[in-house]
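Below: the structure, in structure tokens.
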Amino acid sequence: NGIAYLGGYNSPPTVFGTLIVDVSDAKNMKPLSFIPCNLGARCSYLRLNTKRNILVFDHDTSASNPVKPPTGEPVQAGFSFYDVSDPRNPVKLGHITTAPNGVTHGFEIDDNFVYGCASTPSTKSPVGSHQELVIIDYANPRVPKLAATFRFPGLHAGELPDPQNRVNPDVRQVFIQMRLHLNPLVGKLAVSQ
């Protein structure tokens, strides 16, 4: 309906938040509001549930964010939920931290669930190289909760990948990172590594 929801990704300029803009007149676009990322995070990905007017976006730990959490406090990586019925005045409904100082990378939503790639407290180091599928129930966006996780063996600390997943065909070590793909023809998610 003429409203754009914009997030930032890599090096300058990165907005470190979600910018909501009236783009109904392309020659006279107007910023309506701005939602900052959590301290020390970037907000790279977002989805809009148009039926429920809920904006969902991720918080991915980013050393390039100039606004850091207080000394000794972790970055709250995870997903936030905002009511954007009035795009000029978004209202925070809830947030779920998937892992302190963790990472997120891409996600899809349906009316009640987020299907995202993220690190968890059990994720193996380096955190950015190891992520799993997290399924978050946001039927009540004020109290989002982790519904399930899925991972390939080898993603958690202390685990080894299954023997067939330890090396690539060219004998380089496998690094496992899950990616989500929405198949528009059937409307289903596929997971690949």
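Structure notes:
- Residue that is surrounded by the fewest Cβ atoms within 10 Å (Cβ to Cβ) [pool: residues in region 90-141 that are in a strand (DSSP E or B) and of a type in the set (S, T, N, Q)]: T97
- Top-ranked residue of region 142-170 - restricted to ones that are at pLDDT 85 or above and in a strand (DSSP E or B), ranked as nearest to Y82 (Cα to Cα): K145
- Test for N65: is it modelled with pLDDT of 95 or more, closer than 19 Å to G17 by Cβ and assigned to a loop (DSSP other than H, G, I, E, B): no
- Near pairs, Cβ below 7 angstrom, 6+ apart or cross-chain, from region 129-155 (closer than 19 Å to V56 by Cα and touching a residue at least 24 places away in the same chain (Cβ under 8 Å)) to any residue that is acidic (D, E) and open to solvent by less than 30 Å² (accessible area, probe 1.4 Å): T149/E132
- Yes/no for F57 being over 19 Å from T149 (Cβ atoms), touching a residue at least 40 places away in the same chain (Cβ under 8 Å) and open to solvent by less than 80 Å² (accessible area, probe 1.4 Å): yes
- Candidate set: region 1-32, residues that are crowded, with 17+ Cβ neighbours inside 10 Å and within 30 Å of E73 (Cβ to Cβ); chosen: the one modelled with the lowest pLDDT: T14
- Annotation note: of S80, S33, S64, the sole residue that is at negative phi, of a type in the set (S, T, Y) and touching a Phe, Trp or Tyr at 6+ places or on another chain (Cβ under 7 Å) is S80.
- Pair list, Cβ < 8 Å and 6+ apart or interchain, from region 93-110 residues that are free of Cβ contacts under 8 Å to residues at least 24 places away in the same chain to residues that are crowded, with 16+ Cβ neighbours inside 10 Å: T97/Q76; T97/A77; T97/G78
- For region 12-53, the set of residues classified as farther than 23 Å from P141 by Cα and among the hydroxyl-bearing types (S, T, Y) consists of T14, S24, listed by residue number.
- S44 buried (at least 19 other Cβ atoms within 10 Å of the Cβ), part of a loop (DSSP other than H, G, I, E, B) and modelled with pLDDT under 95: yes
- For Q76, the test of being out of contact with any Lys or Arg (no Cβ under 6 Å at 6 or more places or on another chain) and under 18 Å from G8 (Cα atoms) is passed.
The values are calculated or read from the model by the stated rules, or taken from the named source; none is laboratory data. Predicted, not measured: the structure shown is a model, and the values here were computed from it. Counting neighbours? That spans all protein chains shown, and the Cβs are built from the backbone with ideal geometry, glycine included. The area values use the complete protein model at the heavy-atom level, side chains included, leaving out ligands, DNA and RNA. Shrake-Rupley method; radii C 1.70, N 1.55, O 1.52, S 1.80 Å.
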